[in-house]
Amino acid sequence: MSQPRIPLFFAGARQDAHSTRTSPVYHPASGTVAAQVPLGDATDIEAVIADAAAAATAWGERSPLDRARIMFKWRELCLLHADELARLISSEHGKVTSDARGELQRGLEVVEFAVGIPHLMKGEFSDQVSRGIDMHSLRQPLGVVAAITPFNFPAMVPLWMLGPALACGNAVILKPSERDPSTGVRLAELFVEAGAPPGVLNVLHGDAEAVNALCTDPRIQAVSFVGSTPIAQHVYETSAKHGKRVQAMGGAKNHLVVLPDADLDMTVEGLMGSAYGSAGERCMAISVAVVVGDATADALVARLADRVKALRVGDSAAEGMDMGPLVTGVHRDKIKGYIDLGVQEGATLVVDGRMHPAQASGGFFLGGSLFDHVTKDMTIYREEIFGPVLCVVRVESAAEAIDLCNKHQYGNGVAIFTRSGSAAREFAHQVQCGMVGINVPIPVPLAMYSFGGWKASAFGDHNQHGMDGVRFYTKLKTVTTRWPQSVDAASFSMPVLR
Ligand code: NAD
């Protein structure tokens, strides 16, 4: 039986791609191929870019309030279809449906922030900066922008970008992950249903060919990327070389530091959800617990071991599951390979999730794995695994814990669990990461703040959403005005205050 072909979205409607190159989209819980996604070719890329370019000016000329009303309606429609969207996310990604609802909610919070665009885009005005002269600044949309997103949040990460980009008056080309491409198409369809003109939000599917075209085409003014670090770096360099504004978020290895005075119950709960939620496929997942002191580490590992063995792993659509499958068989095998490597490197595999009864369905399942006695030179510590694997590293002091975090190549999120305000304050001040949690394991900033890491976790200087999002998707213009009553003689020296 031929598999369904996922459409592109442009000119306000679903469109069959011209390309004959395709990639399989799986139903990870059964391991079967559910559909084929076309990998956009030159004809598809041109159709989508031309459509966005034709729509951008008129959309940018609309009043911000007019755009905000459409965004408001879009949010309403997404909520109305929340169950359907959550099922769509789960069916292609594999995360449990309650988690999919959560990511949709966090994404829609960015749209809620963006409906404030009439206020957010306001410029500044200074009366009488010099005699008879006023000055004001204003923000204008860029034109056409590209949003290139990873598989792990098929709704939330696109909405981080679409919210501010569209509200600011840009036309957007979304290039979702080829592993779970359907949610982006549905979001675009609902945007048109909300009253947006055709061409303002388009969806192009594809791989390197489509991404490289978006990073080089002169009609595209800015590129927002989220994905793995090597691709983030490639997108950053290519887009910048072609004169574009670019923000490129990369991978992570988020540490959670446990001080000896931490509440162990709270720490265990925090670690379980943040390490194993969404099967560890979150850029803010905690993948390293840095425990100060052997007594604390022994107590923590013993309690974690019982909890990891008891994780409920199964079909994402079933009630009461903690973890669904991994996104693809290739990704599951990569994670298994890291667990094999950790054993070879000499770490203690306290809980081995490589075999799990849920695998009988043919789905891409792993159980939770827990490593103790991981050291900083091991590959399983240095590299991002992006699966349900938690590594415990033992250190002797809080200062050593901070040093460990700071020397890691990634600097996305980090957390500390302690009862000491001064230790927490010192940690937050010293640690070299973009997002810090104090007794909060996954410190994802809310929509009105901005999301972004440091070091190899982000390239470019504007973070996602919050006021950084508004700045990224607009150009700043500053206007100096005077209406003189008489003609001043030409001045050949630098103008100064009068
Ligand atoms: P990925 O880098 O494989 O893919 C991301 C995007 O890049 C996709 O749209 C994909 O089609 C495209 N792409 C893939 N290979 C390419 C190539 N050779 N040339 C050009 N484009 C290419 O990432 P992924 O596996 O989909 O997502 C997981 C990664 O994303 C993890 O590393 C995770 O930490 C990271 N992530 C980071 C954040 C953050 O905000 N820092 C958020 C979510 C995910």
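Candidates in the range 40-68 are the residues that are touching a His at 6+ places or on another chain (Cβ under 8 Å) and assigned to a helix (DSSP H, G or I); of these, the one that is surrounded by the most Cβ atoms within 10 Å (Cβ to Cβ) is Asp44.
Can you pull out every residue in the range 247-273 that is within 16 Å of the ligand (Cβ to nearest atom) and not aliphatic (A, V, I, L, M)? Gln247, Gly250, Gly251, Lys253, Asn254, His255 - these are the residues of the range 247-273 that are within 16 Å of the ligand (Cβ to nearest atom) and not aliphatic (A, V, I, L, M).
Candidates in the range 138-157 are the residues that are crowded, with 24+ Cβ neighbours inside 10 Å and more than 10 Å from the ligand (Cβ to nearest atom); of these, the one that is farthest from Val470 (Cα to Cα) is Ala155.
Residues are listed down the side, and each one gets a yes or a no for (1) within 30 Å of Lys241 (Cβ to Cβ); (2) surrounded by 21 or more Cβ atoms within 10 Å (Cβ to Cβ):
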{"site": "Gln430", "(1), (2)": "no, no"}
{"site": "Val440", "(1), (2)": "no, no"}
{"site": "Ser457", "(1), (2)": "yes, yes"}
{"site": "Leu476", "(1), (2)": "yes, no"}
{"site": "Ser493", "(1), (2)": "no, no"}
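When the range 421-470 is filtered for residues that are part of a helix (DSSP H, G or I) and in contact (Cβ under 8 Å) with a residue 60 or more places away in the chain, the ones remaining, listed by number, are Ala423, Phe427, Gly466, Met467, Gly469, Val470. Restricting attention to the range 294-337, the residues that are assigned to a loop (DSSP other than H, G, I, E, B) and surrounded by 17 or more Cβ atoms within 10 Å (Cβ to Cβ) add up to 11.
Filtered by the rule that a residue be of a type outside the set (Gly, Ala, Ser) and either surrounded by fewer than 24 Cβ atoms within 10 Å (Cβ to Cβ) or more than 9 Å from the ligand (Cβ to nearest atom) (or both), the range 234-246 gives His234, Tyr236, Glu237, Thr238, Lys241, His242, Lys244, Arg245, Val246. In the range 318-346, the residues that are farther than 25 Å from Ala86 by Cα form Cβ pairs under 7 Å with partners that are of a type in the set (Lys, Arg), at six or more places apart or across chains, as follows: Lys336/Arg354; Ile339/Arg354.
If you check Ala310 against the conditions, is it in contact with a Leu (Cβ under 6 Å, 6 or more places away or on another chain) and aliphatic (A, V, I, L, M)? Considered against the rule, which asks whether it is in contact with a Leu (Cβ under 6 Å, 6 or more places away or on another chain) and aliphatic (A, V, I, L, M), Ala310 comes out as no.
Count of the range 434-470 residues, restricted to those that are more than 11 Å from the ligand (Cβ to nearest atom) and either aromatic (Phe, Trp, Tyr) or at pLDDT below 95 (or both), is 3.
Exactly one of (1) crowded, with 22+ Cβ neighbours inside 10 Å; (2) within 12 Å of the ligand (Cβ to nearest atom) is unmet by Ile231. Its number? The single condition Ile231 does not satisfy is (1). Among the residues of the range 472-486, are any assigned to a loop (DSSP other than H, G, I, E, B) and touching a strand residue (DSSP E or B) at 6+ places or on another chain (Cβ under 8 Å)? So far as the range 472-486 goes, yes, one or more of its residues are assigned to a loop (DSSP other than H, G, I, E, B) and touching a strand residue (DSSP E or B) at 6+ places or on another chain (Cβ under 8 Å). Annotation: Ala213 fulfils all but one of (1) part of a helix (DSSP H, G or I); (2) near the ligand (Cβ under 9 Å from one of its atoms); the unmet one is (2). In the range 79-106, the residues that are part of a helix (DSSP H, G or I) form Cβ pairs under 6 Å with partners that are of a type in the set (Phe, Trp, Tyr), at six or more places apart or across chains, as follows: Glu103/Phe153. Taking every residue in the range 123-134 that is among the hydroxyl-bearing types (Ser, Thr, Tyr) and modelled with pLDDT of 95 or more and pairing it with any residue that is surrounded by 12 or more Cβ atoms within 10 Å (Cβ to Cβ) and not in a loop (DSSP other than H, G, I, E, B), at least 6 positions away or on another chain, the pairs with Cβ-Cβ distances below 8 Å are Ser126/Asp134; Ser126/Met135; Ser126/His136. Filter the range 174-200 for residues that are part of a helix (DSSP H, G or I) and not hydrophobic (A, V, I, L, M, F, W, C); which is surrounded by the most Cβ atoms within 10 Å (Cβ to Cβ)? Top of the filtered list is Thr183.
The values are calculated or read from the model by the stated rules, or taken from the named source; none is laboratory data. Note that this is a predicted model, so its numbers are computed, not measured. Don't worry about glycine lacking a Cβ; one is built from the backbone with ideal geometry, like all the others, and counts go over all protein chains shown.
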